[in-house]
Amino acid sequence: MSDVVLNNIGKTYPNGYHAIPSIDLTIEEGEFIVLVGPSGCGKSTLLRMVAGLETISQGDLMIKGAKVNDKEPADRDIAMVFQNYALYPHMTVYANMAYGLKNRGESKEVIAEKVTSVANMLGLEELLERKPKQLSGGQRQRVAMGRAMVRDPKVFLFDEPLSNLDAKLRVQMRVEIRQLQRKLGTTTLYVTHDQVEAMTLADRLVVLNKGKAEQIGSPMALYNKPATPFVAAFIGSPSMNLLPANLDEQGICLSDRLSLPLVHDHRGSIIWGIRPEHLEVVDEANADFALRIQAVESLGAETLIHGTVDLGVKQEPMVVRLAGPHWPEINSLLWLKAPLDHWHVFDAVTQQRL
Amino acid sequence: MNLWQGAVLMSVYFPHKKLPYLLVLPQLVITLIFFLWPAEQAFEQAFYQEDAFGLSREFVGFDNFVYLFNDPQYYKSIWVTLVFSFSVAFSGLAIALWLAVMADRVIRGKLTYQTLLVWPYAVAPALAGVLWWLLFDPSMGPIALWLQYFGVDWNHFLNGDQAMTLVVISATWKQISYNFLFFLAGLQAVPRSLIEAASIDGASPFKRFWTIVFPLLSPTTFFLLVINLVYAFFDTFGVIDATTQGGPGVSTATMVYKVFNDGFIGLDMGSSAAQSVVLMFLVGVMTVIQFRYIERKVEY
Amino acid sequence: MIENRPWLTFVSHFSLLLGIGVVALPVWVALVASTHPSSAFGAGEIPLWFGDQALENWRSVFLGEASSGVDVPVWYMMLNSFIMALGITVGKLFISLLSAYAIVFFRFPFRGACFWVIFITLMLPVEVRIVPTYEVVANLDMLNSYSGLILPLIASATATFLFRQCFMTMPGELIEAARIDGAGPIRFFFDILLPMSRTNIAALFVIMFIYGWNQYLWPVIITTDDAYYTLVMSIKRMLAVDQGDIEWNHVMVTTLLAMIPPVAVVIGMQKLFVKGLVDAEK
Ligand SMILES: Nc1ncnc2c1ncn2[C@@H]1O[C@H](COP(=O)(O)OP(=O)(O)OP(=O)(O)O)[C@@H](O)[C@H]1O
Ligand SMILES: [Mg+2]
């Protein structure tokens, strides 16, 4: 049975701002859905509508088959983890975790049992009597998750829960969240603008752009077959190289000087894309084009080479990603081949994949 | 804690219809009965002339105001108020600033010094007046006797200027602690690195103070100036009533004292009400200034 | 300090000690005066060192045996002062916590109007509108009563204003977390808002208590029955005799007794008070 259904959901803020035109999304039980997109695209707005913190201007929200549009957050059987954790500063860790249960009228024994078992799961046993002020950032994060978990909700909602942590801790917590969610099997809606987080956590990703869902699908589907240039650029790091071109009988015509053979019946202006990791260094004879090297970033395990491709009328920037260390000279030419099966071609007008 | 950072109205709130009215009700009722109603009465009263026994009254239009602003006594009271208020504000600010700068310098005993300087805040103005009266009592006050020894003929019951000096001293004494606390807090908020940079640039402590610290303190100073003027205008009634009762003559009768005196002693309700209206207008102006200042601070 | 200048350090300590001395001087003289018989205060003389009448003076004033011009003993007036001060403090905290809560955390029609009606009183002390306020209280038949002493002085928005500032700094996500945890407005008020504002409440308690205790003009005007006299205002009665007849020893005992409770509160709760004062009004 589908767990959470968003049916034509839209949001218009009281000031008239149309944050979300319309979104349809069906989430299966136990699924981990990640909402990604640039800042201001409406991720939090959508999540908060599901939580009941923001009114729904249009459409239906169903949780476990029941319409919950007008229910108070506490009655929706959801739990939320906030970016700055929103722990009650005057309450101990225990009281923070117990507060929701207490308000529901659970007995002291039940509360104690639930809080203790969640605390054990998260390794918070030692911290139960501390106040939030006496905790480190990572510990606070854990308590915030614990508070969500004790309620044993139908849906977990996370709004950028890791963005206040340092890079290392973020990786560690990311893994932990995924493991916990698998173990508990709770349906999860997770907001982030970090595409690595999105790729590693999600069963399915929703890429939002200006309040619209650009594409919904598994991380690999989005990586392999992005539906629009927006998704193509957003998923993957460094971003896909996207070049404007023209499609005609000879193939993809990047400029008078450079065209790549392709048989396709579409005609007109397109956007041609290739990921940095799919470009191959070859000798001049087999190359499709040459890159004039401008900067080299050596990361040890891989090397990123930034440069430009000379198209005659203009220079197009391009990035190449190579495994292992390389030391090419700045300003020298690097001969590249773009294998046909890694090409992405989008209609420049409709922005749709061809 | 910066109390103004939330000045943008909170975007998160409870969706309730009746509860908020219930919550503001007590304060609204109290305000209506004990503030707006009297204020309205004052406005009304200001346009009537009442006989001394309050038995009859007659509408007189702006006569009370016209009379007021043609009354040399009223101008005298404005003058007294100005002299009194600015004397209190300036001496209080100067002494407190000096002490705060000194206290900010010392390393040891800062808290002890603070404790020994803040307590006069808690003393009622009327009591402050009585305490200083004893010191300046013309027949036996130690300071008065000492002044007389040096040839100053001290008698604040007869000499208006001396009476003014006495009430200024009493009122200032009480206000120093308040100013001191704010100046000290202001000084402690001056970034250490600025002072260090200046001293590396070779500025002497004296120069550092006037070129760096004092300009940075100017918001605090301005805030305190307004607060001190308001204090001297309105909260010092007790000082005056307990020591000089506005005398000798009217030489220490401030505007607030005159409202009381004309209303309760002179039983001239119309004039007293007109004076209340003028004062309310003045306070309104001061409140606006205060808010302006606060708004400007928000932008910092 | 950055550099070590011994003479500057000396000047600092010297100035502070001088300041403390001048500030304490009147209280010292009052203390000395309170230990002598009234005959010690003649023309041209005042004792400068402690006498031996301390116990006698303090006892007789406290119990009302010394003639003071007031029919009730000092301990009784002290009680009145406490009732008035606590009444004003508790009353102000009560109405202003509630109204600040409504104004910050709710949106309702006429919210702006309520806001302005309340905040118009912000800086207008009772002294300014003394005559009409007296008449209103007289109309309500509240002269010579505790409610008459207390209620009109509650009508000021300072505390509401400060609580409003304090509440507005609360992170919005905390309220959302509480809503998800199933806390309605009333639970939120008691479980989250009050405990989180307790430092501010305590600091305001100190400030309001001092304000209430030190009231002078209002009690002078509305009490004609000695049973409602407060300690601070009774000074007026004791001084309302011919100048030569003032019993300075008794006046000073009364003055000191009237100072002790608020001064003790300020010194005892100094940290809280300083924080409350400086933070609140900034
Ligand atoms: N209360 C509001 N009133 C009007 N517009 C709002 C309101 N809250 C958010 N918006 C607007 O709605 C849009 C979406 O906001 P939202 O907070 O959902 O963005 P987001 O995707 O979560 O961004 P971020 O990654 O920065 O958190 C933004 O353009 C924002 O300016
Ligand atoms: Mg967001």
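Okay, here's what the table says:
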| quantity | calculated |
| --- | --- |
| Residues that are away from ligand 1 (no atom under 16 Å from the Cβ) and free of Cβ contacts under 8 Å to residues at least 40 places away in the same chain, drawn from segment A:148-164 | A:Asp152 |
| Pairs, first in the same structural domain as A:Arg48 (by TED's automatic domain parsing) in segment A:177-191, second acidic (Asp, Glu), C-beta under 8 Å, six or more apart | A:Gly185/A:Glu29; A:Thr187/A:Asp3; A:Thr187/A:Glu28; A:Thr187/A:Glu29; A:Thr187/A:Glu31; A:Thr188/A:Glu31; A:Val191/A:Asp159; A:Val191/A:Glu160 |
| Segment A:47-60 residues that are facing chain C (nearest Cβ under 10 Å), paired with ones that are of a type in the set (Lys, Arg) and within 16 Å of ligand 2 (Cβ to nearest atom) (beta carbon under 6 Å, 6 or more apart) | A:Glu54/A:Arg48 |
| One residue from A:Lys212, A:Lys225 being basic (Lys, Arg) and within 16 Å of ligand 1 (Cβ to nearest atom) | A:Lys212 |
| Candidate set from segment A:61-90 (those that are facing chain C (nearest Cβ under 9 Å) and over 23 Å from A:Leu162 (Cβ atoms)); member that is surrounded by the most Cβ atoms within 10 Å (Cβ to Cβ) | A:Arg76 |
| Members of segment A:2-22 that are of a type outside the set (Gly, Ala, Ser), away from ligand 2 (no atom under 16 Å from the Cβ) and not in a loop (DSSP other than H, G, I, E, B) | A:Asp3, A:Val4, A:Val5, A:Leu6, A:Asn7, A:Asn8, A:Ile9, A:Thr12, A:His18, A:Pro21 |
| Enumeration of residues in segment C:167-188 that are under 27 Å from the mean Cα position of the chain (by Cα) and more than 7 Å from every other protein chain (Cβ to nearest Cβ) | C:Phe167 |
| Verdict on A:Asn103 being more than 16 Å from ligand 1 (Cβ to nearest atom) and more than 14 Å from every other protein chain (Cβ to nearest Cβ) | no |
| Any pair with Cβ under 8 angstrom, 6 or more apart, that starts in segment A:210-223 at a residue that is within 16 Å of ligand 2 (Cβ to nearest atom) and ends at one that is part of a loop (DSSP other than H, G, I, E, B) | A:Lys210/A:Cys41; A:Lys210/A:Gly42; A:Gly211/A:Cys41; A:Gly211/A:Gly42 |
| Set A:Ala98, A:Ala66: member being within 23 Å of A:Arg151 (Cβ to Cβ), of a type outside the set (Phe, Trp, Tyr), without any contact (Cβ under 8 Å) to a residue 12 or more places away in the chain and out of contact with any strand residue (DSSP E or B) (no Cβ under 6 Å at 6 or more places or on another chain) | A:Ala66 |
| Residue match in segment B:229-249 (condition: surrounded by fewer than 23 Cβ atoms within 10 Å (Cβ to Cβ), within 11 Å of another protein chain (Cβ to nearest Cβ) and assigned to a loop (DSSP other than H, G, I, E, B)) | yes |
| Of residues in segment A:23-50 being outside any strand (DSSP E or B) and more than 15 Å from ligand 2 (Cβ to nearest atom), the one surrounded by the most Cβ atoms within 10 Å (Cβ to Cβ) | A:Glu31 |
| Residue check, A:Ser237 surrounded by fewer than 17 Cβ atoms within 10 Å (Cβ to Cβ) and under 25 Å from A:Ser218 (Cα atoms) | yes |
| All helices (runs of 4 or more DSSP H) inside segment B:118-218 with 1 or more residues being at pLDDT 90 or above and not polar (S, T, N, Q) | B:125-136, B:160-188 |
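The values are calculated or read from the model by the stated rules, or taken from the named source; none is laboratory data. Small disclaimer: the values here were computed from a predicted structure and weren't measured. Backbone-built Cβ (ideal geometry, glycine too); neighbour counts: all protein chains shown.
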